[in-house]
Amino acid sequence: MHRAASALGLSLLLACGQEEPTGVALIGATLIDGSGGPALPDAVVVVRGSRIEWIGTRAGFQLPERTRELDVSGRWIIPGLIDAHVHLSDGDAGVLDWALPRYLAFGVTTVRDVHGKLVTALALRDALADGTRQGPRVYAAGAMIDGLPTTYADAIGANRPADARKAVDRLVNGGADFIKIYTRIDPALLRGLLDEAKTFNLRVTGHLGLTDAVAAARAGIGSIEHLTGVPEAASRSPSSLYAAHYRSFFAGWTAFERSWAELDSASLARVAEELVRNHVILVPTLILHETFSRLDDPALLGDTILKLVPEAERRRWNVPDMIARAGWTGEDFTAFRRSRPRQDLFLRQFVRAGGTVAAGTDAANQMLVPGYALHREMELLVHAGLEPQDALLAATRNGALVLGTDSLGLLAPGNVADLVVLARDPLADIRNTLALEQVVSRGRVLSPDSLRAGW
């Protein structure tokens, strides 16, 4: 009895001396660090807390104290993915809680939330940042700024440049990370808004309508969503497009999508070069254009990937109702599909001219599955003519550029520990980004299968 008690005491003493690991070393993978440079084979990435502590090769590496080893030999490591255009809340449904674990399960560790009720959007961002809730890192615009009458009730309306300035001030005081403008912002409103945002060093992005892309670029906008404003800038006679934007959102979107097929390559190249000259980043959301061009396709509507979306959410999407509200017909969908090659052409011209593309999806709007949609966006970027390396950069480093941060999208010592372990090489086939084995978010190693099990 005495010897047993002594042995137990010794065991407890030894256990007390063994401190818990504070870090993890991922050893043996090929590292694609997000810089655009060559991959590093047989790499080691040491994560301590929520940051990357060290990166190098396995040769001569010694495991630091209080660090556990994770063998990832034969795998590939990429930065955590960034979806540069999402909607995490809905004016009617509130916060889309179901979407948060889906982003992480698909390796999306950061999202750029481009519109939501101001208080709701920023409260969600802060809860995710302080660990109260689990999900991706969020950069939030809060409520977007629109001309009157606003397209959405929860947007901030502006009728005069002074109103636009006050809207910017309200968002600054609320803590917004950037500003988003919407289709009814005309050039006069935009100039006042941009001037006010510049005072606070706040980035502005636009879903354009009444302002063409070149005018917005020359005024100083930082990024453009959905390729909007490009047909208006490239068209010889854009008056019918502006008239459609004045009538309603859906009338404007329909005219915008249909117009691409009639644009000539020289005019598109001119616009692309002007956007590059003014350092505009494009968030093209090709997955949105592709999906909405095929809403009459039974194969799309029956895609099994949609089962990842809760049935109640799919009912809320109510695609037939959206089609009816938009007034879309089979002829419209045919016209949308006819426009897709021109959108791809413009993107190639923009990239060839030196432009920066950031990958975004518009999830969780109709038929766009959070997390998964970003992988499809990268695939469509490659289909449009980008190399797999460039598509991957669009969803990593370039996403960080549009956010204005240098600690994301690039795996380097001191940067945040957001990364993804893949079973297959994404540079050989961009679809291999779906071969996820582990996701590291804020330094925590997560299993995609475990995240899915919680759905």
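The values are calculated or read from the model by the stated rules, or taken from the named source; none is laboratory data. Keep in mind the model is a prediction, meaning the values are calculated, not measured. Neighbour counts are summed over all protein chains in view; Cβ atoms, including those assigned to glycine, are modelled from backbone coordinates with ideal geometry.
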> Looking at G142, is it in contact with a Pro (Cβ under 9 Å, 6 or more places away or on another chain) and at positive phi?
Replying inline: no
> Taking the condition of a type outside the set (S, T, Y), crowded, with 18+ Cβ neighbours inside 10 Å and in contact with a strand residue (DSSP E or B) (Cβ under 8 Å, 6 or more places away or on another chain), does D418 pass?
Replying inline: yes
> So which of L300, L295, L286 ends up being surrounded by fewer than 17 Cβ atoms within 10 Å (Cβ to Cβ) and either touching a residue at least 24 places away in the same chain (Cβ under 8 Å) or of a type in the set (V, I, T) (or both)?
Replying inline: L300
> Across the range 24-71, what is the total count of residues that are without any contact (Cβ under 8 Å) to a residue 24 or more places away in the chain, under 27 Å from the mean Cα position of the chain (by Cα), farther than 30 Å from L386 by Cα and surrounded by fewer than 17 Cβ atoms within 10 Å (Cβ to Cβ)?
Replying inline: 0
>> On the basis of being farther than 25 Å from T291 by Cβ and not assigned by TED's automatic domain parsing to the domain that holds A272, does D418 make the cut?
In response: yes
>> Going through D146, D130, D186, D154 one at a time, which residue ends up being over 23 Å from the mean Cα position of the chain (by Cα) and either buried (at least 19 other Cβ atoms within 10 Å of the Cβ) or among the charged types (D, E, K, R) (or both)?
In response: D186
>> Could you tell me how many of the residues in the range 157-167 are buried (at least 22 other Cβ atoms within 10 Å of the Cβ) and out of contact with any Leu (no Cβ under 6 Å at 6 or more places or on another chain)?
In response: 1
> Just checking, which of G414, G409 is touching a Lys or Arg at 6+ places or on another chain (Cβ under 8 Å) and under 21 Å from Q134 (Cα atoms)?
Replying inline: G409
> Is there any pair with a first residue in the range 180-206 that is more than 28 Å from R247 (Cα to Cα) and of a type in the set (A, V, I, L, M, F, W, C) and a second that is assigned to a loop (DSSP other than H, G, I, E, B) and modelled with pLDDT of 95 or more whose Cβ atoms are under 8 Å apart and which are 6 or more apart or on different chains, and what are they?
Replying inline: A197/R203; L202/A176; L202/F178
